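> Sharing a structure below in structure tokens format, with a few things to ask.
The values are calculated or read from the model by the stated rules, or taken from the named source; none is laboratory data. In this text, all values refer to a predicted model and were calculated from it rather than measured experimentally. Neighbour counts run over all protein chains shown; Cβ positions are idealised from the backbone, glycine included. Surface areas here come from the heavy atoms of the whole protein model, side chains and all, with no ligands, DNA or RNA. Shrake-Rupley method; radii C 1.70, N 1.55, O 1.52, S 1.80 Å.
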Amino acid sequence: MVERIASLLDVSADEILLPDDAGAMFGVTGWAMYKRAKKGTAKGHFWGRNLFFIRKELISMI
């Protein structure tokens, strides 16, 4: 899934993070990142029911 998203967005697969990976960057769980994306406090992208983050966008939030 990550490779397909990366190819569609024209970014490298290393830049695509799943909620657990994004949560590890901030010291929270993947579920916490999911809730933050739903609230709009973290820039997340939903593709159907799947959620992913782009590393550059998360870093720019800091």
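> Do we have Val11 as modelled with pLDDT under 95, open to solvent by less than 80 Å² (accessible area, probe 1.4 Å) and in contact with a Leu (Cβ under 8 Å, 6 or more places away or on another chain) here?
No.
> Scan the range 15-48 for residues that are over 14 Å from Met61 (Cβ atoms), assigned to a helix (DSSP H, G or I) and either open to solvent by less than 60 Å² (accessible area, probe 1.4 Å) or among the charged types (D, E, K, R) (or both) and jot them down.
Scanning the range 15-48 gives Glu15, Pro19, Asp20, Asp21, Gly30, Ala32, Lys35, Lys38.
> Only residues that are in contact with a Lys or Arg (Cβ under 7 Å, 6 or more places away or on another chain) and either among the aromatic types (Phe, Trp, Tyr) or touching a residue at least 40 places away in the same chain (Cβ under 8 Å) (or both): list them for the range 2-46, please.
Glu15, Leu17, listed by residue number.
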